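The values are calculated or read from the model by the stated rules, or taken from the named source; none is laboratory data. These numbers come from a predicted model, not from an experiment. So basically every Cβ, Gly included, is an ideal-geometry build from the backbone, and we count neighbours across all protein chains shown.
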Amino acid sequence: MWVASFFKDALAPRLSVGCHASVGGGSYRLAVDQTQNAALISAISLQRGMPARAASIALATALQESKLRNIDYGDMDSVGLFQQRPSQDWGSVEQIMDPVYSTNAFFNGLEKVPGYVDMPLNDAAQIVQRSAYPHAYAQHEATAKTFASALTGQSPAALECTLPPATPVSTPAELESAAHTAFGLLPFTSTSANSSATVRVQVPEAKGWAVAQWAVANASAFGVTSVSYDSKTWERDANDAGTNRGWQDSPTAGQAGILTLAMATGG
């Protein structure tokens, strides 16, 4: 029995761990940690009432500046997702290393740019950043737009992540707190049984898809095993040839406007 199980595991396709966003025939990949940061940036844009274009500009900027990673080093005194400089009045190092602070600081700057929604993405990013490489942001536009479209809910069921099996790494309360930080207050309820928990939240369709895909993006961090919304379900363990199948039709996924996710909790 053990031998059969060993060989079955050994011969299983190696998981292609990471996340894909697919919109309009284009598909782009980011690592799991990059996708988590992209989801936070996109959610904060929604919380601020900004258009999806703002999220696209922010993601392209962060991809260029830090590869969408919250790094504590950079050119001169630059740090964080957007490589903001304490010496240029972006805040203290401690503040800038907080992704929520740095994202809001970037959006504060972007909102001061007249007509940023209609100007070329690269130009809007450069006005905010004042980079020594003023044309570098454009190369990330397609990836940024695709992930922003998924993570702001503009494109439903557009983000999937391939992940190792879930382990109990978090609690419903911690997940709910992170979602509140990203989106603002949401009406969560949760129940636990044995080694899993079910978390539900009522959200309207567009925002619902943003929260649903945020949950997929953060499934690794919170031990999420499935996410269901609007008659579709993403399942963490539903893989073919080492790649997640993505969102599948699931007519019994739940009531309209109710997002349901399952978490591994360890009992």
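Yes or no, residue by residue, for (1) under 24 Å from Thr35 (Cα atoms); (2) of a type in the set (S, T, N, Q):
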{"position": "Val100", "(1), (2)": "yes, no"}
{"position": "Asn108", "(1), (2)": "yes, yes"}
{"position": "Gly115", "(1), (2)": "no, no"}
{"position": "Ala124", "(1), (2)": "yes, no"}
{"position": "Gln129", "(1), (2)": "yes, yes"}
{"position": "Pro134", "(1), (2)": "no, no"}
{"position": "Gln139", "(1), (2)": "yes, yes"}
{"position": "Ala144", "(1), (2)": "yes, no"}
Lone qualifier among Pro165, Pro134 - being assigned to a loop (DSSP other than H, G, I, E, B) and not assigned by TED's automatic domain parsing to the domain that holds Leu46: Pro165
Qualifying residue in the range 189-208 (condition: under 19 Å from the mean Cα position of the chain (by Cα), under 13 Å from Leu261 (Cα atoms) and assigned to a helix (DSSP H, G or I)): yes
Which of (1) within 19 Å of the chain's Cα centre (by Cα); (2) surrounded by 14 or more Cβ atoms within 10 Å (Cβ to Cβ) does Gln129 not meet, given it meets every other one? (1)
So, of the residues in the range 250-267 that are free of Cβ contacts under 8 Å to residues at least 60 places away in the same chain and in contact with a strand residue (DSSP E or B) (Cβ under 6 Å, 6 or more places away or on another chain), which turns out to be farthest from Ala182 (Cα to Cα)? Ser250
Residue count, the range 95-126, condition surrounded by fewer than 20 Cβ atoms within 10 Å (Cβ to Cβ), part of a loop (DSSP other than H, G, I, E, B) and either touching a strand residue (DSSP E or B) at 6+ places or on another chain (Cβ under 8 Å) or not acidic (Asp, Glu) (or both), comes to 8
Ala212 meets each of (1) touching a strand residue (DSSP E or B) at 6+ places or on another chain (Cβ under 8 Å); (2) of a type outside the set (Lys, Arg); (3) over 30 Å from Asp240 (Cα atoms) with one exception, condition (3)
Residues being over 20 Å from Ser231 (Cβ atoms) and either modelled with pLDDT of 95 or more or touching a Pro at 6+ places or on another chain (Cβ under 6 Å) (or both): count how many of those fall in the range 192-206. 1
All-but-one check, Gln83 against (1) touching a Gly at 6+ places or on another chain (Cβ under 8 Å); (2) surrounded by fewer than 22 Cβ atoms within 10 Å (Cβ to Cβ); (3) not hydroxyl-bearing (Ser, Thr, Tyr), failing number (2)
With the condition kept exactly as written, say whether any residue in the range 166-175 is in contact (Cβ under 8 Å) with a residue 12 or more places away in the chain and within 26 Å of Arg85 (Cβ to Cβ). no
